[in-house]
Amino acid sequence: MPVTRGCCAGLVALAVLPGVCAAAQARGVTVIRGARVFDSIKGVMLPPTTVVIDGDRVASVGMEPATPSARIVDASGKYMIPGLIDAHVHLVHVLDFAHMTGDEVLPLYLASGVTSVRDVGDQIAAEKLVARYAAAHSDFCPRVFLASPLIDRDPPYHRDVGWAITDPEKVPDFVSDMVAWGVTTLKIYVGTERPVGRRIIEEGHRRGLFVAGHLGRYSAQDAVSDGIDGLEHIWSVFNYIFPIDVLMEERWKVERRAAVDVNSPVAKALISDLAAHHVAVDPTIVVFRNQFLLVDQPEILHNADNDRAPARLRSWWEDYRRRRTPPPETLDLRKRELKNYLTLTGSLFRESVPILAGTDSPEPFTPPGGSLHQELQLLVDSGLPPAAALQAATINTARALKAEREIGSIDAGKAADIVILNANPLADIANTRTIWKVLRAGRLLDPQSLLDKAAKQ
């Protein structure tokens, strides 16, 4: 396996002893009164109620405890949603280029109400260290769910975080190794051929893992037929709806991508298969808009979310922009391509394909935390009602993580990962940004303090 550039040397300091875990501290009982609670399972906002937090768990919703020593929080006129989950981040590989480590950006997610993230493809030892650090510092870090490195051809497309498997017989040992590391997701990458991909799905399911794909050689049609659980990026759908006579290299021309018919019989058949097999799609539209399509546009370059990112990360983004900004004359074509992504995402939703909310942060101009709010807006722009967009970032992704008994909704017995908002997100999805307080493992946290924590690292 290739060695990740600088992946472990910069992360050794993140290893912590269980005895210093902040999550073990007693928190007592907190009673939050007067807020309306978003029921992420039904997709509705409930009337004002009382939510009781005991330690790091939700004790009750709608019941007033007889606990004289409880801390009372008046949240009248406010709105409570489950902690948001970013289904697609990278806490090692991308940050490598900015000479940063994952601990430096974790508070940014929490400050934006993102209480859980799924790291979808990194060098496993480094990824594990970041997750361990996050677990030991729940007062300023989100939960981190692990995925395998990118399972790929030989040599892998990304040699630092790719893992080459070309023989299906090698898959069982690899999956056993990933289970030992504690991953929840296996990620098939662009160079994987169908025989290996099918075996990964089989072994992953045998071990109770979610199998996702950022597909290339393995077509979406074949992967869905073989039982894949989720597709990462709208590309993993979009790239397989082209007419059969279009050569692979032609598919990458912006003229072709702008003009493709996303309502063609091929597209409809694939969407129908995705729905029939309950395959989740994580569109990550925001990374395409911000990085590939509109990186030369002022509204992206000067987005206030970007200003929250550490200087080293912004410096690398700017270096990327100078090297990769597309020709201005292709802007209209790129906007049409983006519109196709939105239209296709809306079609997926209307046909009952489960939608997840991920960002691919901290890819260029895709800032940790803030980009998830951008993704929610793009999902609404695609045709999802605000409630469905919130479900994508809560219960849908919790189910993909096989963690719906722990997170994803505000219910008795679940982790007290909650966001309290000043305005109703069902009236306007942009109101997910009106964060008053964040609860992570039962702690009531101030967003500005979390931003200050990130700025100091």
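General observations
- Taking a straight Cα-Cα cut-off under 26 Å and skipping sequence neighbours fewer than 8 places away in the same chain, the lysines within cross-link reach of residue 437 are 42, 78, 414, 453, 456.
- Ranked by the mean number of other Cβ atoms within 10 Å per residue, highest first, peptides 110-122, 84-96, 344-356 order as 110-122, 84-96, 344-356.
- q = 0.10 Å⁻¹, region 106-250: log10 I(q)/I(0) [Debye, one scatterer per Cα]: -0.37
- Computed over the chain: relative contact order in percent, which uses C-alpha pairs under 8 Å that are six or more apart: 21
- FRET efficiency for the pair residue 330 and residue 46, taken as 1/(1 + (r/R0)^6) with r the Cβ-Cβ distance and R0 = 60 Å, rounds to 0.80.
- Order by protection proxy (mean Cβ within 10 Å, highest first), peptides 43-50, 184-191, 306-313: 184-191, 306-313, 43-50
- Global geometry of region 392-447, whether rounded, prolate or oblate, following the gyration tensor of its Cα atoms and the 1.5 cut on a/c: oblate
- Candidates 138, 79, 266 compared by Cα position along the dipole of the chain: farthest toward the positive end lies 79, with charges placed on Cβ.
- Separation between Cα centres of region 26-42 and region 433-457, rounded to whole Å: 17
- Toward the positive end of the charge dipole of the chain, with +1 on the Cβ of Lys and Arg and -1 on the Cβ of Asp and Glu, the farthest Cα among 117, 37, 171 is that of 37.
- Region 138-208: Rg to Rh, with Rh as the Kirkwood radius over Cα pairs: 1.03
- Considering all different alpha carbon pairs of region 284-325, the Kirkwood hydrodynamic radius works out to 10.5 Å.
- Relative contact order (%) - criterion: Cα under 8 Å, at least six apart; region: region 147-262: 20
- Straight-line reach from residue 335: taking Cα to Cα under 30 Å and skipping same-chain neighbours fewer than 8 places apart, the lysines in range are 187, 253, 268.
- Solvent-free Debye calculation, one equal scatterer per alpha-carbon of the chain: log10 I(q)/I(0) at 0.11, 0.12 Å⁻¹ equals -0.85, -1.02.
- For region 354-457, a Kirkwood radius taken over Cα pairs fed into Stokes-Einstein (10 °C, viscosity 1.306 mPa s) yields D = 108 µm²/s.
- Estimated from the Cβ-Cβ distance and a Förster radius of 25 angstrom, the FRET efficiency linking residue 247 and residue 269 is about 0.75.
- Across region 256-351, counting alpha-carbon atoms alone, Rg and Dmax equal 16.3, 47 Å.
- Sum of side-chain charges, residue 266 neighbourhood, beta-carbon under 12 Å (Lys, Arg +1; Asp, Glu -1): -2
FYI, it's all coordinate maths here, none of it is from the lab. For clarity, every value in this text was computed on a predicted model and none was experimentally measured. Cβ sites come from the backbone with ideal geometry, for glycine too, and all protein chains shown count toward neighbours.
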